[in-house]
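The values are calculated or read from the model by the stated rules, or taken from the named source; none is laboratory data. Nothing here was measured: the structure is a model prediction, and the numbers come from that model. Because the Cβ atoms are built from the backbone with ideal geometry, glycine has one as well, and the counts that use them run over all protein chains shown.
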Amino acid sequence: MNRTRIHKRIRAKIKGTKERPRLCVSRSSKHVYAQIIDDVTQATICGVSDTSFKKGKHTKSALAKMVGTEIAKKAKEAGIASVVFDRGGFRYYGRIKEVAEGARAGGLTF
């Protein structure tokens, strides 16, 4: 309940455009998801989740960082260099922070 209230407040302020789309990050207890969304046309440009990687001996934080670098790589292929970060009502801590750092390491700016 509390996260959804915070998320609504954040989404009232953040809008993604064609030039600077929104990087939306979500997580569950097991997985991390990231999408780049153009809110004007209401279209998802690209998306990545940690289910596409082999689990192996990776921690959840390491998988989250890989999701960030992969979404940055897909964004570069789509011609996107700058995004607006939407943390989805989650605290900027742990896996959410790792996705953001991975995306910055991959070349995205926000």
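Taking the criterion of being modelled with pLDDT of 90 or more, within 17 Å of ALA103 (Cβ to Cβ) and of a type in the set (Ser, Thr, Tyr), the residues of segment 3-56 that qualify are SER26, TYR33, THR44, SER49.
Take the residues in segment 42-61 that are closer than 15 Å to SER28 by Cα and either basic (Lys, Arg) or in contact with a His (Cβ under 9 Å, 6 or more places away or on another chain) (or both); name whichever of them is surrounded by the most Cβ atoms within 10 Å (Cβ to Cβ). The residue in question is ASP50.
Quickly run through segment 88-110 and pick out the residues that are charged (D, E, K, R) and surrounded by 13 or more Cβ atoms within 10 Å (Cβ to Cβ). Those that are charged (D, E, K, R) and surrounded by 13 or more Cβ atoms within 10 Å (Cβ to Cβ): ARG95, LYS97, GLU98, GLU101, ARG104. Within segment 1-19, track down each residue that is of a type in the set (S, T, N, Q) and closer than 26 Å to ILE80 by Cβ. Within segment 1-19, THR17 is the sole residue that qualifies.
Just a yes or no: is a residue in segment 54-62 under 17 Å from ARG91 (Cβ atoms), touching a residue at least 24 places away in the same chain (Cβ under 8 Å) and charged (D, E, K, R)? For segment 54-62, residues under 17 Å from ARG91 (Cβ atoms), touching a residue at least 24 places away in the same chain (Cβ under 8 Å) and charged (D, E, K, R): present. Within segment 62-87, the set of residues being crowded, with 18+ Cβ neighbours inside 10 Å and within 17 Å of ASP50 (Cα to Cα) comprises LEU63, ALA64, LYS65, MET66, VAL67, GLY68, THR69, GLU70, ILE71, ALA72, ALA75, ARG87. Across segment 64-90, which residue is nearest to GLY107 (Cα to Cα) among those that are of a type in the set (A, V, I, L, M) and over 13 Å from the mean Cα position of the chain (by Cα)? Filtering first and then ranking leaves ALA81.
Filter segment 16-37 down to the residues that are surrounded by fewer than 18 Cβ atoms within 10 Å (Cβ to Cβ) and within 20 Å of LYS76 (Cα to Cα), then identify the one that is nearest to the chain's Cα centre (by Cα).
The qualifying residue nearest to the chain's Cα centre (by Cα) is ARG20.
Residues in segment 84-105 that are aliphatic (A, V, I, L, M) and out of contact with any Lys or Arg (no Cβ under 6 Å at 6 or more places or on another chain) were compared, and the one that is farthest from LYS15 (Cα to Cα) is ALA105.
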